[in-house]
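The values are calculated or read from the model by the stated rules, or taken from the named source; none is laboratory data. Bear in mind that the values here come from a model prediction, so they are computed numbers and not experimental data. We place every Cβ from the backbone using ideal geometry, glycine too, and count neighbours over all the protein chains shown. Calculation scope for accessible area: heavy atoms of the full protein, side chains included, ligands and nucleic acids excluded. Shrake-Rupley method; radii C 1.70, N 1.55, O 1.52, S 1.80 Å.
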Amino acid sequence: MPSSSSISMNEQNEGWKSLFDGKTKQGWHSYGRPEAGQAWQVVDGAIYYDTSQRQGRRMMGGGDLVTNNEYENFDLKYEWKIAPKGNSGVIFLIHEDTSQYKQTYATGLEMQVLDNDGHPDGKIMKHRAGDLYDLIKSSSEPVKPVGEWNQAEIRMDHGKLDLYLNGVNVVSTTLWDDNWNQLVANSKFKSMPGFAKYKKGRISLQDHGNPVWFRNITIKEL
């Protein structure tokens, strides 16, 4: 894949844009705040969640990192790497209105990032790496060993949602139909009135309190 800070001319001609320049947090901010928190660092061309910023039980400068822009129909590609026993995710279709929604997941859907063997969520169906969190289990598990880079893709096209992990289509569903409504009704999100209700929103890198790295984050609007 191209480096974090560059997209090939062919990719540019096809409409791909970089969401991360590999050097700064430009284009991102912490949810509900004007700037990106200091716990999110840029190290070796990756966005890294640095847990050394902790003071006692409190993480300084944490919180989910979200894009400044909103996206409706898109193809998002990125790479992720999780620390041992770690948990994170990429959340999308987020409606950032903190007067109503205190967390990104109150509105947004999540493609899970996880150490399947080391984190307790790995024992829960629909909570493993690549799953559409708490909604749809991956059809297979092509995840790399913990500490290695994974390639992921989220394609949202007029209600048709496909998730890919390391080139494998692991989740395919349609949002907002009767089947989808039933999936939500049977999930932990059933009591969240704003969940998956917005057809356009921000994209987030989740702060779950564990070290995680993201790089080569690119998007093409459909």
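Taken together, the residues in the range 62-74 that are open to solvent by 10 Å² or more (accessible area, probe 1.4 Å) and more than 20 Å from His127 (Cβ to Cβ) amount to 7.
Can you name the residue in the range 115-154 that is among the β-branched types (Val, Ile, Thr) and part of a strand (DSSP E or B) and is also nearest to Ser187 (Cα to Cα) among such residues? Only one residue fits best here, namely Ile136. Checking each residue in the range 88-114 for being open to solvent by 20 Å² or more (accessible area, probe 1.4 Å) and in a loop (DSSP other than H, G, I, E, B) picks out His95, Glu96, Asp97, Thr98, Ser99, Gln100, Tyr101, Lys102, Gln103. For the range 150-160, indicate whether the set of residues that are surrounded by fewer than 17 Cβ atoms within 10 Å (Cβ to Cβ) and touching a Leu at 6+ places or on another chain (Cβ under 6 Å) is non-empty. So far as the range 150-160 goes, yes, one or more of its residues are surrounded by fewer than 17 Cβ atoms within 10 Å (Cβ to Cβ) and touching a Leu at 6+ places or on another chain (Cβ under 6 Å).
Pairs meeting the criteria (first residue in the range 185-202 and without any contact (Cβ under 8 Å) to a residue 12 or more places away in the chain, second residue surrounded by 14 or more Cβ atoms within 10 Å (Cβ to Cβ) and not in a loop (DSSP other than H, G, I, E, B), beta carbons under 8 Å, at least 6 apart or on different chains) are Lys190/Val184. Regarding the range 164-181, can at least one residue be identified that is part of a loop (DSSP other than H, G, I, E, B), at negative phi and over 17 Å from the mean Cα position of the chain (by Cα)? Yes, the conditions are met somewhere in the range 164-181. Taking the stated definitions as given, is Lys126 surrounded by 15 or more Cβ atoms within 10 Å (Cβ to Cβ) and farther than 26 Å from Leu19 by Cβ? For Lys126, the condition - surrounded by 15 or more Cβ atoms within 10 Å (Cβ to Cβ) and farther than 26 Å from Leu19 by Cβ - is met. Residues in the range 50-71 that are modelled with pLDDT under 95 and not polar (S, T, N, Q): Asp50, Arg54, Gly56, Arg57, Arg58, Met59, Met60, Gly61, Gly62, Gly63.
Looking across the range 200-222, just one residue is over 11 Å from the mean Cα position of the chain (by Cα) and acidic (Asp, Glu), and that is Glu221. All of (1) within 20 Å of Ala46 (Cα to Cα); (2) under 17 Å from the mean Cα position of the chain (by Cα); (3) open to solvent by 30 Å² or more (accessible area, probe 1.4 Å) hold for Lys137 with one exception: (1). Do the conditions hold for His119, that is, is it out of contact with any helix residue (DSSP H, G or I) (no Cβ under 9 Å at 6 or more places or on another chain), touching a residue at least 12 places away in the same chain (Cβ under 8 Å) and open to solvent by less than 70 Å² (accessible area, probe 1.4 Å)? Taking the combined requirement at face value, the residue satisfies it.
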